[in-house]
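The block underneath contains the structure these notes are about, expressed in structure tokens.
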Amino acid sequence: MRPELEASRRKAEKLLPPLGQRIVKTSVAVFLCLLVYWLRGYRGQDMPTEAAITAIICMQPYVRDSRDYAVSRFTGTLIGVVWGLLFLLVFLCFPALGDRLFVVYALMALGTLASLYSAVLIRKPDTSGLAAIVFLCVVISFPDIEDPLRQTLDRFLGVLLGTSVAIGVNLFRLPRSRNRSQVFFVRTRDLAPDRFSQIPSAARYRLDYLLQDGAKICLISEHAPAFFMLQMNESALRVPLIVMGGAAIYDAGENRYLHAETLRPTDSRRVREHLNSLGMSYFIYTVHGEKTRIFHSGPMREQEQLIFKRMKRSPYRDYLEEGDYPDEEIVYLKLIGADWEVARWQSSMEDYLRSRHLRGVVRPEAGTVGISALYIYSGQASLKQAESRVMALLRQTDPGLKPVEVFLDQPYRTEHDAMHLLQRLERQYEPLRLPWRRENGHRT
């Protein structure tokens, strides 16, 4: 898609967000529930609403495991029904309690607590809300209940209908095609708040589903490959990763670097001599064979100590070491300091770096306040260059592949941003296959 068309699409999405599948499926489920009761002869004020309300509550964006989901919802329904029936039987055996509405409502609150806690007690906390709702649906009409058993059964069947319809509608999928010829570039900073945080479980599930389904997704990280171990767990990464801010390409399946855009030895030596002359300390990131090695030059400052200690605590970042390193293995240099210091360094070194065809990038340090880092890369180490290299590697086996960038328009705020991005990706990977839709001049 051309940049101007992509910009127009994103602007239109902001003004008028697309109609999501969950909204459509929920509306269909509500219609089916109401249709069932209409066919049974219910009208107007007599129309039960428990089934429709349950369908709204039970409808989720995706069904991870339909059988377990159905069992879970049925369990919640059963808990609510049992406590609701016990509530009604208590008042049937002790009718004097029903004369005091304060007591009635206090017992309803107690029954709600019992329903919630019962779900937690049997290790089904996700069903606690439904259990409480079912309980209230059963007892809310008290004292206008003539037949408690029938009332309970009707409510149970209504909730069961809503649950079944919601699951059935959720399982239904419109016919879709799959774009196997596209490579989707996704930044990890759009999926998690920082490099030390895991991708939210719902987003990670969607990402895993797409990867296992065969979607070609190239993840982009500003940091070393070790952080993928923390963020991705056992995701099926079949496409090489872009790491170190575009300076390297890494194969997670084989645990090795496919390419690293290192600093030219002469440039590296001059920059380090310049930093040493200024009395500055810095980290040196190198790629040695299949391993990332990090060295430090100069006395370690307080801000560097904070970052160093945090990295040493993690089992994925135990590769910090001392020793000699070849100049040709240096991928980038990293200077850490207070925000104002780093801003001053960047400003003072801008002309110096440009004259040597180097690139300086400032990023805030995750998990700290007021501390940033200045990264010094080769001028050839850029995201565009890395994307081109990944595409060249993949086109060796599939020449028809096309790159597609799926990025957030604003910085990551909550896990909803990650889900929104993956839903956008899924719509591009699995577009609806409609009889009137044409692709490449042919009907699909």
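Counting just the residues of the stretch 184-219 that are polar (S, T, N, Q) and in contact with a helix residue (DSSP H, G or I) (Cβ under 9 Å, 6 or more places away or on another chain), which one comes out nearest to residue 388 (Cα to Cα)?
Step by step, filter the stretch 184-219, then rank; the result is 188.
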* Of all the residues that make up the stretch 251-297, how many are assigned to a loop (DSSP other than H, G, I, E, B), farther than 26 Å from residue 391 by Cβ and open to solvent by 50 Å² or more (accessible area, probe 1.4 Å)? -> 2
* To do: Tell me which of these residue 387 doesn't satisfy, since it passes every other one: (1) surrounded by fewer than 17 Cβ atoms within 10 Å (Cβ to Cβ); (2) assigned to a helix (DSSP H, G or I).
  => (1)
* Can you find a residue in the stretch 319-330 that is surrounded by fewer than 16 Cβ atoms within 10 Å (Cβ to Cβ), farther than 30 Å from residue 388 by Cα and at pLDDT 85 or above? -> no
* residue 165 passes all but one of (1) within 30 Å of residue 138 (Cβ to Cβ); (2) out of contact with any Leu (no Cβ under 6 Å at 6 or more places or on another chain); (3) not small (Gly, Ala, Ser); which number fails? -> (2)
* Looking at the stretch 120-131, which of the residues that are buried (at least 23 other Cβ atoms within 10 Å of the Cβ) and hydrophobic (A, V, I, L, M, F, W, C) is modelled with the lowest pLDDT? -> 130
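The values are calculated or read from the model by the stated rules, or taken from the named source; none is laboratory data. Treat the numbers as computed from the prediction; the structure is a model and nothing was measured. Every residue, glycine among them, receives a Cβ derived from its backbone with ideal geometry; neighbour counts consider all protein chains shown. Quick note on the areas: whole protein, heavy atoms, side chains included, nothing else; ligands and nucleic acids left out. Shrake-Rupley method; radii C 1.70, N 1.55, O 1.52, S 1.80 Å.
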